[in-house]
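A.B. asks: Before we start, here is the structure in question, set down as structure tokens.
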Amino acid sequence: MANFSKSNVPQFSVDVYQNEYLPEGGREVNAIVTVSATGGGTVGSAVAAPHLYSAGQAPDAAVAIMVDCSGSMDYPPAKMRGAREATAAAIDAVRDGVHFAVIGGTHVAKEVYPGDGRLAVADAGTREQAKQALRRLSAGGGTAIGTWLRLADRLLSSAEVSIRHGILLTDGRNEHESPEDLRSALDSCAGRFTCDARGVGTDWEVKEVTGIASALLGTADIVADPAALSADFTHMMETAMGKEVADVALRVWTPVGTEIAFVKQVAPTVEELTDRRTEAGPRAGDYPTGSWGDESRDYHVCVRVPTAGIGQEMLAARVSLVIPRSDGSVQNLGAQGLVRAVWTDDMAASTSINPQVAHYTGQAELAQVIQQGLDLRKAGDVDGATAKLGRAVQLAGASGNADTAKLLAKVVDVVDVAAGTVRLKARVAEADEMTLETRSTKTVRVKK
């Protein structure tokens, strides 16, 4: 892991929002932990001047673009054309000095540029060569995404850099390898590079694409119209170019007798992290958060504490930010927050729900009921789907999640938002249903 100078590294801060008061016998403590990174070489500056970088500060990054070249990409031909144009746009956004490669993916993975197991170093010349090489992208063959990811991992690991990132585009289902093969590839790549995944058109499997992004701590989305690919790829690459600190972990320490119920990211998307814990010494565990630029995210930490008497208080958890190194050492990013528990007989204090906790509990439920509702709809359970999606409309309305509310309105006819009364639409465009499913985990920040 590279050493970071303060001149180009975001400064991290941690804020904790909770109701620390518990009733007699109360054991569950909930807190929203807001992590903010500010003051680095911002995402915005990368967007404004992608090829400018201060002397002596070579970008510490490598990126691999994986483009689906299976036979279905020729139907319609606009998909393959859009993929070439989008990849060219992404290449244009690669900053000078960044290592990069382009991979063509079918039932096997092929190096499109630069080849020979190498990464190119971005400058005006290599960007132009890479765009010329995109002419070799043609549709034909099957789909085995695990092979694409493994090749990306081999290429990215060849560079002595801290930030390793992938962008993956597919238009179909992963039909030429088993689910176990894909899972094995994801397991081997997790923690080695992050990856944004996109599905183009409507013939791909939402759970496959979102599962790839989730496992590799990236973003997932649908691009129903191939004409929109270039703008999306440019935005993804610009965001990747703004990342400056890799492999950041949320370290949670708890005292004797206290146990972690769950840890999940709740903004900008819902992402379960509980099962990704790695032990980090006595009573401490690390939860991966991936790479950071100038940004802010929210996490919901829930711990169970031993019971205590009225008037007693304790430190329920200490949350800090670290970068674990392969040699067992750790870089502390100098930010921490404390989660407290205080037992009281004041019923008003102990029954009050912190606004941040309440908001994100609702957002997590919103993501869950959308997924359940769509699954029930596909299974033909009209009553079950109606109930779940009605609850989703209610939650989206109460939390001010206007984007999700608009997506829901394309799948159900809304009768009463507050009551969650809806009717399933008789006909729903496949792109609308897939968009709702893909974006179901996107949340809105709590209203201050």
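A.B. asks: Looking at (1) without any contact (Cβ under 8 Å) to a residue 60 or more places away in the chain; (2) open to solvent by 70 Å² or more (accessible area, probe 1.4 Å), which is the one condition that is false for Asp346?
C.D. replies: Of the numbered conditions (1) without any contact (Cβ under 8 Å) to a residue 60 or more places away in the chain; (2) open to solvent by 70 Å² or more (accessible area, probe 1.4 Å), the odd one out for Asp346 is (1).
A.B. asks: Assuming Ala78 fulfils every condition listed in (1) of a type in the set (A, V, I, L, M, F, W, C); (2) under 22 Å from the mean Cα position of the chain (by Cα); (3) surrounded by fewer than 19 Cβ atoms within 10 Å (Cβ to Cβ) apart from one, which condition is it?
C.D. replies: Checking Ala78 against (1) of a type in the set (A, V, I, L, M, F, W, C); (2) under 22 Å from the mean Cα position of the chain (by Cα); (3) surrounded by fewer than 19 Cβ atoms within 10 Å (Cβ to Cβ), the one that fails is (2).
A.B. asks: Conditions: (1) assigned to a helix (DSSP H, G or I); (2) free of Cβ contacts under 8 Å to residues at least 60 places away in the same chain; (3) open to solvent by less than 20 Å² (accessible area, probe 1.4 Å). Val422 meets all but one. Number of the miss?
C.D. replies: For Val422, the failing item is (1).
A.B. asks: Hey, among the residues in region 295-328 that are open to solvent by 70 Å² or more (accessible area, probe 1.4 Å) and under 24 Å from Val342 (Cβ atoms), which one's farthest from the chain's Cα centre (by Cα)?
C.D. replies: Ile310
A.B. asks: Quickly run through region 91-107 and pick out the residues that are free of Cβ contacts under 8 Å to residues at least 40 places away in the same chain and either closer than 16 Å to Met237 by Cα or open to solvent by 50 Å² or more (accessible area, probe 1.4 Å) (or both).
C.D. replies: Passing the criteria: Phe100, Val102.
A.B. asks: Given the options Ala396, Ala367, name the one that is touching a residue at least 24 places away in the same chain (Cβ under 8 Å), over 21 Å from Lys207 (Cα atoms) and open to solvent by less than 70 Å² (accessible area, probe 1.4 Å).
C.D. replies: Going through Ala396, Ala367 in turn, the sole match is Ala396.
A.B. asks: A further question follows. Give all pairs with beta carbons closer than 7 Å in which a residue from region 10-29 that is on the phi > 0 side of the Ramachandran plot meets a residue that is open to solvent by 20 Å² or more (accessible area, probe 1.4 Å); count only pairs at least 6 apart in sequence or on separate chains.
C.D. replies: Gly25/Thr307
A.B. asks: Can you confirm whether Thr258 is open to solvent by 10 Å² or more (accessible area, probe 1.4 Å), in contact (Cβ under 8 Å) with a residue 60 or more places away in the chain and not basic (Lys, Arg)?
C.D. replies: no
A.B. asks: Assuming Gly285 fulfils every condition listed in (1) open to solvent by less than 30 Å² (accessible area, probe 1.4 Å); (2) farther than 17 Å from Gly191 by Cα; (3) not acidic (Asp, Glu) apart from one, which condition is it?
C.D. replies: Status for Gly285: all satisfied but (2).
A.B. asks: Scan Val339, Val415 and give me the residue that is hydrophobic (A, V, I, L, M, F, W, C) and crowded, with 17+ Cβ neighbours inside 10 Å.
C.D. replies: Testing whether each residue is hydrophobic (A, V, I, L, M, F, W, C) and crowded, with 17+ Cβ neighbours inside 10 Å leaves just Val339.
A.B. asks: Which strands (runs of 3 or more DSSP E) does region 151-264 wholly contain that include 1 or more residues that are over 18 Å from Ala90 (Cα atoms)?
C.D. replies: Details: elements: 163-170, 194-200, 220-223, 245-253.
It comes to 245-253.
A.B. asks: Here is a follow-up. Report, by residue number, each residue of region 264-312 that is touching a residue at least 40 places away in the same chain (Cβ under 8 Å) and acidic (Asp, Glu).
C.D. replies: Across region 264-312, the qualifying residues are Glu271, Asp294, Glu295, Asp298.
A.B. asks: Conditions first: (1) open to solvent by less than 60 Å² (accessible area, probe 1.4 Å); (2) acidic (Asp, Glu); (3) closer than 15 Å to Lys388 by Cα. Asp432 passes all but one, so which condition is the exception?
C.D. replies: Asp432 satisfies all of (1) open to solvent by less than 60 Å² (accessible area, probe 1.4 Å); (2) acidic (Asp, Glu); (3) closer than 15 Å to Lys388 by Cα except (3).
A.B. asks: Mind listing whichever residues of region 319-331 are assigned to a strand (DSSP E or B) and either among the small types (Gly, Ala, Ser) or touching a helix residue (DSSP H, G or I) at 6+ places or on another chain (Cβ under 9 Å) (or both)? Lay out the reasoning, then the answer.
C.D. replies: Step one: of region 319-331, the residues assigned to a strand (DSSP E or B) are 319-324, 330-331.
Matches in region 319-331: Ser320 only.
A.B. asks: Oh, and also: Look through region 208-222, keep the residues that are in contact with a helix residue (DSSP H, G or I) (Cβ under 9 Å, 6 or more places away or on another chain) and free of Cβ contacts under 8 Å to residues at least 40 places away in the same chain, and return whichever of them is surrounded by the most Cβ atoms within 10 Å (Cβ to Cβ).
C.D. replies: Per the stated criteria, the residue is Ala215.
A.B. asks: In this structure, is Asp383 of a type in the set (D, E, K, R), farther than 23 Å from Thr202 by Cβ, modelled with pLDDT of 95 or more and surrounded by fewer than 17 Cβ atoms within 10 Å (Cβ to Cβ)?
C.D. replies: When the stated conditions are applied, Asp383 passes them.
A.B. asks: Please find, within region 273-294, the residue that is modelled with the lowest pLDDT out of those that are in contact with a Ser or Thr (Cβ under 9 Å, 6 or more places away or on another chain) and closer than 21 Å to Leu338 by Cα.
C.D. replies: Residue satisfying both the conditions and the ranking: Arg283.
A.B. asks: Another question, then. For Gly39, work out the one condition from (1) at pLDDT 85 or above; (2) open to solvent by 10 Å² or more (accessible area, probe 1.4 Å) it doesn't fulfil.
C.D. replies: Gly39 satisfies every listed condition except (1).
A.B. asks: Oh, and also: Mind checking which pairs have a first residue in region 108-125 that is at pLDDT 95 or above and a second that is open to solvent by less than 20 Å² (accessible area, probe 1.4 Å) and of a type in the set (Ser, Thr, Tyr), Cβ under 8 Å, 6 or more apart or different chains?
C.D. replies: none
A.B. asks: Ala197 passes all but one of (1) hydrophobic (A, V, I, L, M, F, W, C); (2) surrounded by fewer than 17 Cβ atoms within 10 Å (Cβ to Cβ); (3) closer than 20 Å to Leu156 by Cα; which number fails?
C.D. replies: (2)
A.B. asks: Also, quick follow-up: Under the condition of being among the basic types (Lys, Arg) and under 16 Å from Val94 (Cβ atoms), which residue from region 110-150 is least open to solvent (accessible area, probe 1.4 Å)?
C.D. replies: Here the residue is Arg127.
The values are calculated or read from the model by the stated rules, or taken from the named source; none is laboratory data. Predicted, not measured: the structure shown is a model, and the values here were computed from it. Backbone-built Cβ (ideal geometry, glycine too); neighbour counts: all protein chains shown. All accessible areas refer to the heavy atoms of the entire protein, side chains included, with ligands and DNA or RNA removed. Shrake-Rupley method; radii C 1.70, N 1.55, O 1.52, S 1.80 Å.
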